[in-house]
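First the structure, in the form of structure tokens, and then the observations on it.
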Amino acid sequence: MEPIKAIAFDLYGTLFDVHSVAAQCDRQFAGRGREISMIWRQKQLEYTWLRTLMNRYVTFEQATRDALRYTCKHLALDLDESACQTLCDAYLRLQAFPEVPEALRQLRGLGLKLAVLSNGSPHTIGAVVGHAGLRAAFDHLLSVDPVRAYKPAEQAYGLAEQAFGTGRESILFVSSNGWDATGARYFGFPTCWINRAGNVFEEMGQTPDWQVRGLDEIVQLFSATA
């Protein structure tokens, strides 16, 4: 394996907890927050995949809004425009997982180049990372928007290779989403799957090069070889 020179991180579910929106959902629809969040996230993913397959790209903001509207209709909840905007805005203020800020600082200290490679739009990525005070941790914030295709489309992963200016074999791709790590591995990235919940990996013909429980364990991997 080539020496790792850079790391590209998925954003949603990897660095930031997508289900931190459940609290806002619960304020809007008492007792339903977690249920809304779970369905909303799954439908959000489905809409990005389906739109890429149909070549009918819309921004991540629009896919997120459409997924929320579906979720509330599915659960027979009355979602007016004000509530819809409030809940979608919560996706711009996601909470970073506890170990993330310090782990990013340590990885930069090891001389690694870091980037976000996300299905989010430039606006949503910038808002989430900026709200958490983590913008300075990254050399690049990469959105799939320029290629108008969501991960796991091959052209989406190519954005990291272009930004870092190095071959894919020397870029570690990190994601908590098994489908994402699978797509990145098929593209040719070495991959690290963050498995915080003790899940099993996808059965789609690939396995991650490393499996960890959090970003702090990635620091340990690099510190051991430094």
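The values are calculated or read from the model by the stated rules, or taken from the named source; none is laboratory data. Model, not experiment: these values are computed from the prediction. Cβ atoms come from the backbone with ideal geometry, glycine included; neighbour counts cover every protein chain shown.
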Q) Does residue 46 satisfy being touching a residue at least 24 places away in the same chain (Cβ under 8 Å), surrounded by fewer than 15 Cβ atoms within 10 Å (Cβ to Cβ) and assigned to a helix (DSSP H, G or I)? A) no
(Q) Restricting to the range 201-226, name every residue that is closer than 16 Å to residue 14 by Cα and either exposed (fewer than 14 other Cβ atoms within 10 Å of the Cβ) or modelled with pLDDT under 95 (or both). (A) 213
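For the range 99-128, give me each residue that is within 23 Å of residue 47 (Cα to Cα) and either touching a residue at least 24 places away in the same chain (Cβ under 8 Å) or aliphatic (A, V, I, L, M) (or both).
Here is the first cut: in the range 99-128, the ones within 23 Å of residue 47 (Cα to Cα) are 116-128.
Matches in the range 99-128: 116, 117, 118, 119, 120, 121, 123, 124, 125, 127, 128.
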Q. Residue 1 versus (1) in a helix (DSSP H, G or I); (2) at pLDDT below 95; (3) among the aliphatic types (A, V, I, L, M): which is the lone unmet condition?
A. (1)
Q. For the range 152-167, what are the residues that are in contact with a Leu (Cβ under 8 Å, 6 or more places away or on another chain) and in contact (Cβ under 8 Å) with a residue 40 or more places away in the chain?
A. 157, 159, 160, 163
Q | Residue among 71, 59, 52, 86 that alone is touching a residue at least 12 places away in the same chain (Cβ under 8 Å), closer than 26 Å to residue 196 by Cα and either crowded, with 21+ Cβ neighbours inside 10 Å or not small (Gly, Ala, Ser) (or both) | A | 71
Q: Mind listing whichever residues of the range 75-117 are within 18 Å of the chain's Cα centre (by Cα) and among the aliphatic types (A, V, I, L, M)?
A: 90, 92, 94, 96, 100, 103, 104, 114, 115, 116, 117
Q) For the range 158-200, what are the residues that are more than 16 Å from the chain's Cα centre (by Cα), surrounded by fewer than 16 Cβ atoms within 10 Å (Cβ to Cβ) and among the charged types (D, E, K, R)? A) 169
Q) Could you list, in sequence order, the residues of the range 89-133 that are crowded, with 19+ Cβ neighbours inside 10 Å, farther than 25 Å from residue 65 by Cα and out of contact with any strand residue (DSSP E or B) (no Cβ under 7 Å at 6 or more places or on another chain)? A) 100, 103
Q.
Could you go through the range 191-198 and let me know if any residue there is outside the structural domain of residue 45 (by TED's automatic domain parsing), within 21 Å of residue 155 (Cβ to Cβ) and β-branched (Val, Ile, Thr).
A. yes
Q) residue 136 versus (1) more than 17 Å from the chain's Cα centre (by Cα); (2) not in a helix (DSSP H, G or I): which is the lone unmet condition? A) (2)
